[in-house]
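J.: Pasting in a structure now, in structure tokens, and then I'll have a few things to ask.
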Amino acid sequence: TLFLVLVLLWQLSEDGVDVNLENNNAELLLLTSLQDVSLLQGRVHPETVVEVQNINFDKYVVIALFRGWKPSYNYQTVIERITHQDGQLTVYAQFWEPSPQWESAAAETSPYHIVKFRRSDIQNDHPKLVLQTIIITPTPPAP
């Protein structure tokens with residue numbers, strides 16, 4: 001079964017299911033209740049926390065994908081789709097890397113992407129989470 005992510009809540013550089021992934025310190029969270037929103041505290045912009053707190057968790061759940069700390073700007077994290085099959089949620093994401101041919105200001109950033117989707121699109125509140133990523137580095141145009 002395939003379903004698309006419904007709503008982008010926020011994307012910035014800066015008891016849910018918490019899965020630590022070996023993919024460049026990436027972390028994937030499934031928030032299924034208002035109490036789970038505390039997992040975002042100190043990790044995202046305060047306005048984002050307020051937006052997530054206002055979600056009706058009776059109708060929706062939230063996926064948060066954190067990329068881990070990066071040494072400069074121009075890193076992006078994009079959830080492109082989520083599939084659910086046999087009790088497993090697979091999150092397909094793009095991890096954008098800055099091109100070495102372009103300047104990128106040095107700054108410690110922590111890119112993430114947070115989305116919500118209908119609770120009815122998953123069969124239970126504790127599915128297995130799997131992250132499938134692709135690393136993308138833009139190629140500068142030819143001179």
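The values are calculated or read from the model by the stated rules, or taken from the named source; none is laboratory data. On a predicted model such as this, the values are computed, not experimentally measured, just so you know. Here Cβ is always computed from backbone atoms with ideal geometry, including for glycine, and neighbour counts include all displayed protein chains. Just the protein is used for accessible areas: all its heavy atoms, side chains included, with ligands, DNA and RNA removed. Shrake-Rupley method; radii C 1.70, N 1.55, O 1.52, S 1.80 Å.
J.: Report Rg (one decimal) and Dmax (nearest whole number) for region 74-123, counting Cα atoms only, units Å.
T.: 15.3, 45
J.: Same structure again: For Gln35 and Glu80, compute 0.36 nm times the residue count separating them, minus their Cα-Cα distance, and round to one decimal in nm.
T.: Roughly 13.6 nm would be gained on extension.
J.: Okay, which of region 54-96 sit inside 18 Å, backbone N to the point 7 Å along the Cα-Cβ direction of Gln132?
T.: Counting backbone N atoms under 18 Å from the label point, the list is 65, 78-96.
J.: In whole angstrom, note down how far apart the Cα centers of region 34-69 and region 75-91 are.
T.: 17 Å
J.: Note the full-extension length gain between Asn56 and Thr90 as 0.36 nm times their separation in residues minus their Cα-Cα distance, in nm to one decimal. Working shown, then result.
T.: Working: separation 34, 0.36 × 34 = 12.24 nm, distance 2.28 nm.
Extending this stretch completely gives an extra 10.0 nm.
J.: Another question, then. Could you put Lys59, Lys116 in order of accessible surface area, largest first, with the 1.4 Å probe and the full protein assembly present? Kindly include the intermediate steps, with their values, before the conclusion.
T.: Details: Lys59 125, Lys116 40 Å².
Sorted by accessible area, descending: Lys59, Lys116.
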